[in-house]
1. Please report, for the Cα atoms of the range 2-256, the Rg to one decimal and the Dmax as a whole number; what are they, in angstrom?
2. Return P(r) of the range 208-280 (all Cα-Cα pairs; 5 Å bins starting at 0; whole %; ordered from short to long distances).
3. For Val20, Val388, what's the largest-to-smallest order of accessible area, 1.4 Å probe?
4. Could you give the length gained by full extension between Asn3 and Asn283, i.e. 0.36 nm per residue of separation minus their alpha carbon distance, to one decimal place?
5. Tell me the accessible surface of Glu354 in square angstrom (1.4 angstrom probe, heavy atoms of protein chains only), to the nearest ten.
6. Where the only charges are on Cβ atoms (+1 Lys, Arg; -1 Asp, Glu), what is the dipole of the chain about its Cα centre, to the nearest 20 debye?
7. Report the extension gain between Tyr108 and Gln451 in nm, rounded to one decimal, defined as 0.36 nm multiplied by the number of residues separating them, less their alpha carbon distance.
8. Under a Cβ-only charge scheme (Lys and Arg +1, Asp and Glu -1), can you give me the dipole magnitude of the range 333-379 about the Cα centre, in debye to the nearest 20?
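The values are calculated or read from the model by the stated rules, or taken from the named source; none is laboratory data. Values in this document were obtained by computation on a predicted structure and should not be read as measured data. Note that we place each Cβ from the backbone using ideal geometry, even for glycine, and neighbour counts take in every protein chain shown. Keep in mind that these areas ignore ligands, DNA and RNA; they rest on the heavy atoms of the full protein, side chains included. Shrake-Rupley method; radii C 1.70, N 1.55, O 1.52, S 1.80 Å.
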Amino acid sequence: MRNIEIFDTTLRDGEQTPGVNLNIQEKIEIAKQLERLGIDVIEAGFPATSKGDLEAVKQIAKTVKHSSVTGLSRAHRSDIDAAWEALRVSREPRLHLVIATSPIHMTYKLRKTPDQVLETAVASVRYAKKFFPKVQFSAEDASRSDWAFLAKVIEAVIASGADVVNLPDTVGYATPLEYGRLFQYMLEYVPNIHKAKLSAHCHDDLGMAVANTLSAIEAGAQQVEGTINGIGERAGNASLEEIAVALKIRQDFYQAETRLNLKEIKRSSDLISKLTGLSVQANKAVVGKNAFAHESGIHQDGVLKEKSTYEIITPEMVGVSTSSIVLGKHSGRHAFKTKVEAMGFELDEAALNEAFRAFKALTDRKKNVTDDDIFTILTDRQTASPDVKKYELVSVQVQYGTNHTPTATVALISPDGQRLEDAATGAGSVEAIYNTLGRMIGGDVYLEDYQLKSIGAGRDALAEAFVRIKRDDVTSGGRATNQDVLEASARAFLDAVNRTLGRERVDQEQIQI
Ligand code: KIV
Ligand code: ZN
């Protein structure tokens, strides 16, 4: 059985999804969950892009003990220096160095000749090796590169000390057969290839990211990269949970295994979906709401007689719990603490007390508090970034009547501590609230997306609102939960605004790779 290392880039390639802007606490929470899942390498960010990213990578490198932590760097000394500053504290500092090797990228983006790219790649690996014990080299757009040239680059970077060589299908262009052949070719024609590990990194533009990754494994890749839930730019990256479960279920075929604890998959998926605001489609393999639901009569009949007729993955295998112990008004602190720990959260005394208070407040309004509600209480607490002053909602009131124009009246505390009050109308209640908030906050605010859903079932279920706004050209996502849909909507909008406040200008320009 071959061991396949799993490299997670949810916090780097995944965070590049438009409207996703995680704060540092959220990134740490995700990194801790990835560590629990058993990820071998966590790509925590791109330190050269901003001070905020550098700090987040540094905090994650300090926190995570059982996974390797890496950060992305272009083939520039200043990027490598920024990455070293962030990662020197980690258990096993590892750099992820990238430069493009395809004719399109070299000509139009880098404006470099192939020889210049080769020279820059070698010089950067040599420089990086002065600091980092482990260096991964990625040949961006490898699948559209000239294979002979790519082989030359790979041989040279391995000779200069690269420990891992990644061949990304950056634009999701390759087909499974072709991508597998790329790996076979490099294994055959790069003389020193045995001195490095080969890694696959696939994007899903043509819906083939997971298939391409599995094909690379068949062809000899020893590491694979991707994100939880397949999040990422455009159509996203390969879904790591799908790859891991495919290797497990079809071990007979692939003869390969990973170090992942599959029972942590569902929790990882839920956490990332919650914190990024990117919902998982119901029919998504492995983690979708319907992945284990059998609707048709024939299927139900078959599953009742013998599960294996229609079920190749059990919900338990990926941590989908079929029973949920419900807490309520009479549940005490001890029961709550036990539940929180069973759900995988580690809270200090102060955080536990605060969460318990929120839980108690909820039990006054909601008869049965489910795992989903508790998950929400625990993850909601992370939306606040304590170091940034922000807008606080004092009150929101809406007058609505079938034959009246909705009017919202809002009171806020501004980041500089002033109390603000205003009222405005809208075609609907939410629009009235957003018109009022937009006027109070100022700037040009455009609502790009708005979603509302219930947490679980029942008329007293919590409402969860997600918004994506564009404020003065900065896109930002926000979320909030509340028992009232209008208050959840108002708070989500403010969360999105607040997340733009501490952000540096450089983030908006997004340093190009
Ligand atoms: O898709 C890509 O090519 C990347 C590289 C930075 C590895 O994300
Ligand atoms: Zn990528």
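1. My reading of the Cα-based Rg and Dmax gives 16.7, 47 Å.
2. 3, 16, 27, 24, 17, 9, 4, 0
3. On the way: Val20 15, Val388 35 Å².
Highest to lowest solvent-accessible surface, that is Val388, Val20.
4. The Asn3-Asn283 span can extend by a further 97.9 nm.
5. Counting only protein heavy atoms, Glu354 exposes about 90 Å² to solvent.
6. Values: 62 positive and 70 negative charges, 184 e Å.
Dipole magnitude for the chain comes out near 880 debye.
7. On the way: separation 343, 0.36 × 343 = 123.48 nm, distance 3.86 nm.
Net length gain for the segment: 119.6 nm.
8. Values: 8 positive and 9 negative charges, 70 e Å.
Dipole about the Cα centre, nearest 20: 340 debye.
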